[in-house]
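The values are calculated or read from the model by the stated rules, or taken from the named source; none is laboratory data. Owing to the predicted nature of the structure, the values given are computational and were not obtained by experimental measurement. Quick reminder, even Gly has a Cβ in these numbers, built from the backbone with ideal geometry, and neighbours come from all protein chains shown. Just the protein is used for accessible areas: all its heavy atoms, side chains included, with ligands, DNA and RNA removed. Shrake-Rupley method; radii C 1.70, N 1.55, O 1.52, S 1.80 Å.
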Amino acid sequence: MRWREEVVGRAFFAREIHEVARDLLGRELWVGEQGARIVEVEVYEGANDAASHARSGVPGARTWPMFAEPGRIYVYRIYGMHRCVNLRAPSRVGPGAILVRAAEPLAGFEARVWQKRRLSGPALLCKEMGIDERFSGAWVGQGIVVRKGMPVADAEVGRSARVGLNAERCGEAARWRWRYAIKDSPWFSRPL
């Protein structure tokens, strides 16, 4: 079982963004002694994606990690209070990142996390794992570690449109099937 504990390096993130997103399923996200198995992610990429923070094509003070080298961490606030963690990967159409939407707790969490599925959603995941803006811009491996975990067979992976996008603002991008999840996981944030 030692291979499960091996850390995923920067080369893992240097591949095409959708390939990385699919391969993140089953990997383990660790912050200190807290670990969780990734069960759901979403892709946000390039200027043609109206839902992406990179849609302007110009890095900003907050969004620069989306334009940085693969393997960087991008953390941002939504609704002024919740945080979301993203992992940078390259895209054929410009900068992008992969939002970690949900994870199955493995170690280091209080019982209430298991009982209430409190890692099911990007804001709850960040809250329970103590992920905030101090990690934004760091490399994966600097405070937030991704371990190899358990591979997920293609038959176990489902895809759907991304969650919570405003169809009026995002147009056709709201329908793109850029959400990847482990089909039978009870831990993902919304049904596929």
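Listing for the model above:
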{"read-out": "Approximate spin-label separation Glu168-His82, in nm, with each point projected 7 Å along Cα-to-Cβ", "value": "2.1 nm"}
{"read-out": "GNM top mover of Arg147, Arg83, Arg112 - the chain, alpha-carbon springs below 10 Å", "value": "Arg112"}
{"read-out": "Among Val8, Ser91, Gly60 the positive-end extreme of the charge dipole of the chain (Cβ point charges)", "value": "Gly60"}
{"read-out": "Percentage relative contact order, the chain, counting C-alpha pairs under 8 Å, at least six apart", "value": "29 percent"}
{"read-out": "Rounded to whole Hz, the Karplus (6.51, -1.76, 1.60) HN-Hα couplings of region 44-56, x for glycine and proline", "value": "10, 8, x, 5, 7, 9, 5, 8, 8, 6, 9, 4, 6"}
{"read-out": "Probe 1.4 Å, accessible area per residue of region 1-88, Å²", "value": "44 Å²"}
{"read-out": "Separation of the Ala47 and Arg62 label points, Cα + 7 Å toward Cβ, nm", "value": "2.2 nm"}
{"read-out": "Sulfur and carbon atoms: percent of accessible area, region 61-115 [1.4 Å]", "value": "53 percent"}
{"read-out": "Cut-off 14 Å between beta-carbons: net charge of the residues surrounding Met81, Lys and Arg +1, Asp and Glu -1", "value": "+1"}
{"read-out": "Local electrostatic count at Ala161 - Lys and Arg +1, Asp and Glu -1, tallied over other residues with Cβ under 14 Å", "value": "+3"}
{"read-out": "Electrostatic dipole magnitude of the chain [Cβ: Lys, Arg +1; Asp, Glu -1; Cα centre; debye, to 20]", "value": "260 debye"}
{"read-out": "Carbon plus sulfur fraction of accessible area for region 131-179, probe 1.4 Å, in percent", "value": "47 percent"}
{"read-out": "Check: region 96-192 dipole with +1 on Lys, Arg Cβ and -1 on Asp, Glu Cβ, in debye", "value": "160 debye"}
{"read-out": "Over region 88-157, relative contact order from alpha-carbon pairs under 8 Å, at least 6 apart, %", "value": "18 percent"}
{"read-out": "Fraction of accessible area attributable to carbon and sulfur, region 11-53 (%, probe 1.4 Å)", "value": "51 percent"}
{"read-out": "Lysines whose Cα lies under 20 Å from that of Lys127, excluding same-chain neighbours fewer than 8 positions away", "value": "Lys116"}
{"read-out": "Gyration tensor verdict on region 105-152 (Cα atoms; rounded if a/c is under 1.5, prolate if a/b is larger than b/c, oblate otherwise)", "value": "oblate"}
{"read-out": "Average accessible area per residue (Å²) across region 119-169 - probe 1.4 Å, nucleic acids and ligands excluded", "value": "47 Å²"}
{"read-out": "Mean residue ellipticity (222 nm) of the chain, computed from DSSP H runs ≥ 4 via -39,500 (n - 2.57), nearest 500", "value": "-4000 deg cm²/dmol"}
{"read-out": "Region 131-183 shape via C-alpha gyration tensor axes, a/c threshold 1.5", "value": "oblate"}
{"read-out": "Prolate/oblate/rounded label for region 18-124 (Cα gyration tensor, a/c 1.5)", "value": "prolate"}
